[in-house]
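Remarks on the structure that follows.
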Amino acid sequence: MKILVIGGGGREHALVWKLKQSSLVEKIWCAPGNGGIVEDAECVAVDSGDVAALVALAEKIAPDLTVVGPELPLVNGISDAFARRNWPIVGPTRQAAQLEGSKIFSKEFLLRHNIPTAKMYGAYSSSQDACAALQTVDWPLVIKADGLCGGKGVTLAPSEEAAREFLESVMEKHELGLGGQRVLLEETLEGEELSFILLTDGQRYAPMVPSRDHKRVFDGNKGPNTGGMGAYSSDDLLPAALRERVISTIVEPTLNGLATEGIPYQGFLYIGLMLTADGPKVLEFNCRLGDPEAQAIVARMDFDLAEVLADAAAIRLNPLRLRWKKGASVCVVLTSGGYPGKFETGKHIDGLTSIRDNIGVEVFQAGTRLETNSLVTSGGRVLGVTAAGPSLEEALTLAYRAAEKIHFDGIHYRKDIGAHSGRVKAAGD
Ligand SMILES: Nc1ncnc2c1ncn2[C@@H]1O[C@H](COP(=O)(O)OP(=O)(O)O)[C@@H](O)[C@H]1O
Ligand SMILES: [Mg+2]
């Protein structure tokens, strides 16, 4: 099997690493890849959001399977373009990807199918209308820009003043671009968050192990939101009774709802949940794996990912093939100092060879670039130090011990990944 992986972050490195272990796999390309993926796959410099360029690439290399990491190519219709040519691909169509691409579309879908979610106050396409609605809501209020905003489109407004300020910045100053043309106002939920990710071929589905990510840049869930500072997975995150409830009240109604609306969904579906006192409720859908979550999840896979993904693309997914290592896993993201604000790049990364043979630890690369003979930083999130072990404590020990061996100028990472203490109550925690 020859496989094309689209994307160039830690998630894609984790996917490439796992796919490469399959005896079925003969060759992997990655577009665009990064300084670490280049060791495991042939990287091709194609922008991962550019569907026409990706079609041209696939025309040339003729992969047997294409696996899409990020949301942008999906929302831009890569699956539709490949399906028209009968090229096997894992990832939902443009229409199905609207579950992530439009928060209003996904909220209306949830409400139509009576799937538990935060109450919607309304959806607005002008800041005047949205501001007028502020008189009728409870506080704090969650405001969501409708379109893709790279993790910057949601705020928890404690007061009318804060809400007006956010509405003005997204709807009048267009600080988030087109993503902020419409907004959704919704009720604030309280509880802990959980990522429930599944793989479906449109007929059958297989859940991934449960995971939780950490979005804020500093320990104790402080500081601004990032693309993810780490994640962990353990079976304890989702006890059997809660799992049953998530499946019967959320997963099955969602997949049935898509089917009855004639929206076939094929690929990974990420369901962001808030575990409230009233039971689990949907915060959002993503049409792909989360980035740090993917690294923690891949570390627990005990099956042939290439075979399973090829089956999903061919609509013959066998959920029984997905076997998981017992215990837990964790991904600690090492970032450039200053991220998610301004940061410098081009810093030499040392220490990776000293942990290369550590059993149970893998370092997935994200913002890295290979320069003549040395690896340098090229982005905000640089590396994902990922470890699996029989318990969360053991996985954490392995990951942090390895992280301590890695050095680059300005390195920053959270020391509390996987700590249960940081109860998540506010938007973006
Ligand atoms: N209704 C809500 N109540 C409380 N917190 C929320 C609510 N909706 C979102 N959040 C918080 O904001 C974060 C980001 O919102 P989300 O809907 O996941 O959008 P995105 O990931 O696209 O920014 C969530 O992870 C959660 O912490
Ligand atoms: Mg989210």
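So the values come out like this:
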| item | result |
| --- | --- |
| Number of positions in the stretch 1-40 that are buried (at least 20 other Cβ atoms within 10 Å of the Cβ), of a type in the set (Gly, Ala, Ser) and farther than 17 Å from Pro73 by Cβ | 4 |
| Residue within the stretch 178-196 that is touching a helix residue (DSSP H, G or I) at 6+ places or on another chain (Cβ under 9 Å), part of a helix (DSSP H, G or I) and not charged (D, E, K, R) present | yes |
| Within the stretch 272-295, considering residues that are within 13 Å of ligand 2 (Cβ to nearest atom), of a type in the set (A, V, I, L, M, F, W, C) and not in a strand (DSSP E or B), the one surrounded by the fewest Cβ atoms within 10 Å (Cβ to Cβ) | Cys287 |
| Only one of Lys222, Lys173 that is modelled with pLDDT of 95 or more and within 15 Å of ligand 1 (Cβ to nearest atom) | Lys222 |
| Looking only at the stretch 68-86, and only at residues there that are over 14 Å from the mean Cα position of the chain (by Cα) and assigned to a loop (DSSP other than H, G, I, E, B), the one that is farthest from Asp50 (Cα to Cα) | Asn86 |
| Pairs where the first residue, in the stretch 18-47, is closer than 19 Å to Asp64 by Cα and touching a residue at least 24 places away in the same chain (Cβ under 8 Å) and the second is small (Gly, Ala, Ser) and outside any loop (DSSP other than H, G, I, E, B), C-beta under 7 Å, 6+ apart | Leu19/Ala306; Ser22/Ala306; Leu24/Ala306; Val25/Ala306 |
| Selection status of Ala395, touching a Leu at 6+ places or on another chain (Cβ under 7 Å) and crowded, with 23+ Cβ neighbours inside 10 Å | no |
| Only one of Leu134, Leu156, Leu176 that is within 16 Å of ligand 2 (Cβ to nearest atom) and farther than 29 Å from Val251 by Cβ | Leu176 |
| Selection status of Asp357, surrounded by fewer than 17 Cβ atoms within 10 Å (Cβ to Cβ), among the charged types (D, E, K, R) and either under 30 Å from Ala118 (Cβ atoms) or within 16 Å of ligand 1 (Cβ to nearest atom) (or both) | no |
| Condition broken by Pro158, with the remaining ones in (1) within 16 Å of ligand 1 (Cβ to nearest atom); (2) out of contact with any Pro (no Cβ under 8 Å at 6 or more places or on another chain); (3) without any contact (Cβ under 8 Å) to a residue 40 or more places away in the chain satisfied | (2) |
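The values are calculated or read from the model by the stated rules, or taken from the named source; none is laboratory data. The model shown is predicted, which means the values in this text are computed figures rather than measured ones. Neighbour counts are summed over all protein chains in view; Cβ atoms, including those assigned to glycine, are modelled from backbone coordinates with ideal geometry.
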